[in-house]
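J.: Pasting a structure here, questions to come.
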Amino acid sequence: MSDRPDPSRRLLVGGLTTGVAAALGAAGLGGRDARAATPAAPNPATEYPKPPFQDQEQPWPGLASRMNPRPDHGETSYKGSERLAGRRALLTGADSGIGRAAAIAFAREGADVAFNYLPQEEEDAREVVDLIRKAGRKAVPLPGDIRNKAFCRKLVADAARELGGLDILVNNAVYQKAANSIDEISDEDFEQTFTTNVYAMFWITKAALAHLQPGSAIVNTSSVNAYEPGESLIDYAATKAAIANFSKGLAKQLAPKGIRVNAVAPGPIWTPLQVSGGKLPHTLPHFGADTPMGRPGQPAELAGIYVLLASNEASYSTGQVFGAVGGRGGP
Ligand code: NAD
Ligand code: MG
């Protein structure tokens, strides 16, 4: 994809800069510290695809592999450093989008990964299985519909059995359907939104707590909509507020047990959710344009937050909501 960041190009530019610095030597730089010639960090304002995007629509739940441009989940860029060595993680909605970016990062940080997705998403899920295995970790794909309470319990039991326990839980799956007016939200859609986003989180978390030991971490995906509900997403936004609130309350309950609970609140992120009913028709071309960054985030840009919250490095952070909104957001 021409407008996607090309890590090999970045390396080349970096290599050239280093080469020029070496050729010039300290004297050639007018006595300036040679470190001044090291390549700058990638510029987040220019590094990733920007609007306008091609208008595109897919049937729900959508596939990352059919998006243009394809989302960047960190497939070619994320580098691990043993920050989750030997940990065992279960994630929902990790075939695509933010969940996939977290799954790739967790595996490259040394964790074994079980993940849930819908059977319609097998094509995306196969790619994630390959990526986890290429990282040298165990991948446990567990397809199924989390609107079913019995399935949620089985999902946790299967994950814990296959991984030999559980240390990290990421509740990330979601249903989001945009509607112009409350009159257009059917009872069925309202129920699907709350069952997927809130009830399933409750069922899965409750079942997982039977396995989580001190030092374990739960990371839930909330949204900027928890603080600033979009007028076309009132049911979805209410679930995201519930998720943030649930995370804060549960964090207090579990702190004495040494289990941390945090949430991530993304802003507009380039994922299948947005091309399969999550946005009002024909609003996609300008997705993310109204952020100070002037573009949507890519899933890869959130992976580090999930790693941090899952790892012991954030051992004093619990009950927090971490934003990634391109310059907006926060309570
Ligand atoms: P995504 O479409 O890649 O992921 C959502 C996943 O939810 C799907 O892949 C699917 O596997 C899963 N799912 C939906 N219904 C399910 C069901 N009944 N049973 C099992 N799985 C089901 O989109 P994403 O944007 O990466 O979403 C991940 C999280 O990020 C969600 O919690 C979403 O609310 C949050 N988020 C996204 C944005 C954004 O702009 N993309 C903004 C704020 C928050
Ligand atoms: Mg998906």
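The values are calculated or read from the model by the stated rules, or taken from the named source; none is laboratory data. All of these numbers come straight from a predicted model, not from anything done at the bench. No Cβ is skipped: glycine too gets one built from the backbone with ideal geometry, and neighbour counts run over all protein chains shown. Surface areas here come from the heavy atoms of the whole protein model, side chains and all, with no ligands, DNA or RNA. Shrake-Rupley method; radii C 1.70, N 1.55, O 1.52, S 1.80 Å.
J.: Using alpha carbons only, how many degrees (0 to 90, rounded to 10) separate the axis of helix 234-254 from the longest principal axis of the chain?
T.: 90 degrees
J.: Suppose accessible area is computed on protein heavy atoms with a 1.4 Å probe; arrange VAL264, VAL321 from highest to lowest.
T.: Order by accessible area, largest first: VAL321, VAL264.
J.: Continuing with this model, one more query. Relative contact order of the chain: what whole-number percent is it, with Cα pairs under 8 angstrom and at least 6 residues apart? Please report the intermediate quantities before stating the final value.
T.: On the way: 665 pairs, mean separation 67.6, N = 331.
It comes to 20 percent, rounded to a whole number.
J.: Let me ask something else about it. Let me check I have the definition right: for the range 139-200, take the eigenvalues of the Cα gyration tensor, multiply each by 5, take square roots. What are those semi-axes in whole Å, largest first?
T.: On the way: eigenvalues 180, 23, 14 Å².
Those come to 30, 11, 8 Å.
J.: Follow-up question, since we're still on this one. Normalising by the residue count of the range 122-271, find the relative contact order in percent from Cα pairs under 8 Å and 6+ residues apart. Walk me through the numbers on the way to the answer.
T.: Numbers: 198 pairs, mean separation 34.9, N = 150.
After rounding, I find 23 percent.
J.: Put one equal scatterer on each alpha carbon of the range 80-237, apply the Debye formula with no solvent term, and list log10 I(q)/I(0) at q = 0.09, 0.14, 0.20 1/Å to two decimals.
T.: Log10 I(q)/I(0), no solvent term: -0.29, -0.68, -1.22.
J.: How much accessible surface does HIS211 have with a 1.4 Å probe, in Å² rounded to 10?
T.: Its accessible surface works out to 70 Å², give or take rounding.
J.: To continue, here is another question. State log₁₀ I(q)/I(0) for the chain at q = 0.07, 0.08, 0.14, 0.15 Å⁻¹ as given by the Debye formula over alpha-carbon point scatterers of equal weight, solvent excluded.
T.: -0.29, -0.38, -1.09, -1.24
J.: Against the longest principal axis of the chain, how steep is helix 97-108, in degrees 0 to 90 to the nearest 10, with axes from Cα atoms?
T.: Compared with the principal axis, the helix lies near 70 degrees.
J.: Go from 0 up to the bin containing the longest alpha carbon distance in the range 235-331, width 10 Å each, and give me the % of pairs per bin.
T.: 15, 39, 32, 12, 2
J.: Also: Based on DSSP loop calls and a cut-off of at most 12 other Cβ atoms within 10 Å, the longest stretch of the chain free of exposed trypsin sites (Lys or Arg not before Pro) is what? Let's see the in-between values first.
T.: Details: sites that count: ARG32, LYS79.
Value returned for the longest uninterrupted segment is 80-331.
J.: Search the structure for amide H atoms under 5 Å from the amide H of VAL140, placed 1.01 Å from N in the peptide plane, and list their residues when 5 or more places away or on another chain.
T.: For VAL140, the qualifying residues are VAL113, ALA114, PHE115.
J.: When the Kirkwood radius is taken over all Cα pairs of the range 170-276, what Stokes-Einstein diffusion coefficient follows at 4 °C and 1.567 mPa s, in µm²/s? Numbers along the way, then the final one.
T.: On the way: Rh = 14.5 Å.
Calculated translational D: 89 µm²/s.
J.: If you find the alpha carbon centre of the range 251-279 and of the range 88-108, how far apart are they in angstrom?
T.: 12 Å
J.: Going from most exposed to least, what order do THR195, THR76 have by accessible area with a 1.4 Å probe?
T.: Working: THR195 20, THR76 100 Å².
Sorted descending by solvent-accessible area, the residues read THR76, THR195.
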